[in-house]
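The values are calculated or read from the model by the stated rules, or taken from the named source; none is laboratory data. Source: prediction; values computed, not measured. Cβ: placed from backbone, ideal geometry, glycine included. Neighbour counts: every protein chain shown.
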Ligand code: ATP
Ligand code: LTN
């Protein structure tokens with residue numbers, strides 16, 4: 001049987017180059033080899049305050065992006081988490097075997113609790129239990145994510161092992177798959193931090209939907225290190241991040257790019273980089289615009305039905321084992 005991959009993104013805004021290269025791009029290559037299940041995790045999005053109309057739009061836009069990026073809806077299951085009720089139900093069961101001490105160690109929780117001091121809801125804390133449910137419902141072998149999600153996948157493993165020990169072999173113990181090179185693109189305005197949708201300034205990221213003029217502006221304003229050389233080095237995180245983005249959107253190697261800009265300055269480099277990003281994003285944006293609403297509804301309905309069939313079977317097994 002084909003091995004299974006499961007991954008997901010939160011519909012909390014239009015995704016950026018960090019999400020694309022850190023996660024989605026890996027999904028595209030893995031879909032050839034594995035049976036893929038890709039979710040729009042709209043229940044996870046509720047852990048931060050959402051406006052209903054915006055959330056509705058973000059959910060549809062993220063689903064459209066999955067398709068525009070090239071996920072094949074025939075081959076893969078593409079669905080919304082909230083439409084398959086088994087996720088919430090298994091999450092509760094798993095929450096009841098997850099030690100608070102494990103949840104307290106999660107760095108994402110600690111960071112987000114700091115960011116949202118006025119709204120530290122319980123969902124932000126139990127978030128990893130819902131994520132474990134997402135993964136474990138489908139006998140997932142591999143979870144391709146960016147570096148920042150590794151800790152959550154580790155916790156899903158711990159929970160799976162604990163359940164298996166208590167009630168007998170039930171869950172496949174999943175493994176995180178992380179692309180070392182692209183696991184963490186940095187913010188354009190702050191290379192000390194990861195590129196993030198929820199950054200305070202939109203000059204932190206390039207969204208997949210940004211138009212050429214804004215891309216040029218954002219790259220122009222991107223922070224650079226001291227010195228003038230266009231060279232990749234760990235001591236120069238800002239230019240290294242820009243070089244990495246150049247490499248990812250153009251396919252040219254870092255060495256080739258360094259060679260091309262050997263006797264040129266940041267100005268020339270940034271101009272060219274912006275054009276390469278635009279060339280990369282334009283076809284994807286065109287595909288996005290061409291997706292018809294009915295077609296999208298059909299993909300999500302079909303995905304829901306296929307996911308539900310698998311999830312129901314697994315949840316029944318779990319409930320039988322625990323005495324429900
Ligand atoms: P936020 O920063 O608002 O929490 P996010 O930008 O991290 O959101 P998520 O939906 O949480 O977005 O992440 C989706 C996927 O993208 C995850 O697999 C995550 O690991 C990956 N990812 C997020 N940011 C980056 C980044 N800067 N570089 C590489 N991968 C990333
Ligand atoms: N927490 C993840 C999104 C997510 C996920 C998952 C990823 C929710 N459930 C299951 C992989 C597998 C994030 O990117 N913030």
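Some points to look at:
- Any pair with Cβ under 7 angstrom, 6 or more apart, that starts in region 21-32 at a residue that is closer than 12 Å to residue 182 by Cβ and ends at one that is in a helix (DSSP H, G or I) and at pLDDT 95 or above: 21/248; 24/69
- Some residue of region 30-44 being under 20 Å from residue 284 (Cα atoms) and in a helix (DSSP H, G or I): yes
- Checked against the criterion of being in contact with a strand residue (DSSP E or B) (Cβ under 7 Å, 6 or more places away or on another chain), without any contact (Cβ under 8 Å) to a residue 60 or more places away in the chain and surrounded by 12 or more Cβ atoms within 10 Å (Cβ to Cβ), region 236-245 has at least one qualifying residue.
- Condition broken by residue 2, with the remaining ones in (1) within 11 Å of ligand 1 (Cβ to nearest atom); (2) closer than 23 Å to residue 156 by Cα; (3) touching a strand residue (DSSP E or B) at 6+ places or on another chain (Cβ under 9 Å); (4) not in a strand (DSSP E or B) satisfied: (1)
- Screening the candidates 74, 2 for the property of being modelled with pLDDT under 95 and away from ligand 2 (no atom under 15 Å from the Cβ) yields one hit, 2.
- Residue check, residue 110 away from ligand 1 (no atom under 15 Å from the Cβ) and more than 15 Å from the chain's Cα centre (by Cα): no
- Looking across 94, 17, one residue alone is on the phi < 0 side of the Ramachandran plot, more than 14 Å from ligand 2 (Cβ to nearest atom) and modelled with pLDDT of 95 or more. It is 17.
- Residue within region 23-40 that is within 13 Å of ligand 2 (Cβ to nearest atom) and out of contact with any helix residue (DSSP H, G or I) (no Cβ under 9 Å at 6 or more places or on another chain) present: yes
- Residue match in region 5-20 (condition: assigned to a helix (DSSP H, G or I), touching a helix residue (DSSP H, G or I) at 6+ places or on another chain (Cβ under 9 Å), surrounded by fewer than 23 Cβ atoms within 10 Å (Cβ to Cβ) and touching a residue at least 40 places away in the same chain (Cβ under 8 Å)): no
- Members of region 286-303 that are surrounded by fewer than 16 Cβ atoms within 10 Å (Cβ to Cβ) and part of a helix (DSSP H, G or I): 286, 287, 289, 290, 293, 294, 295, 297, 298, 301, 302
- Residue under evaluation residue 150, criteria (1) closer than 30 Å to residue 317 by Cβ; (2) surrounded by 19 or more Cβ atoms within 10 Å (Cβ to Cβ); (3) within 15 Å of ligand 1 (Cβ to nearest atom), criterion not met: (2)
- Region 196-226 - residue that is under 21 Å from the mean Cα position of the chain (by Cα) and within 16 Å of residue 249 (Cα to Cα) and, of those, surrounded by the fewest Cβ atoms within 10 Å (Cβ to Cβ): 209
- Criterion applied to 142, 135, 120 was being within 16 Å of ligand 2 (Cβ to nearest atom) and in contact with a helix residue (DSSP H, G or I) (Cβ under 6 Å, 6 or more places away or on another chain), and the one residue passing it is 135.
- Of all residues in region 27-60 being at pLDDT below 95 and within 12 Å of ligand 1 (Cβ to nearest atom), the one that is surrounded by the most Cβ atoms within 10 Å (Cβ to Cβ): 47
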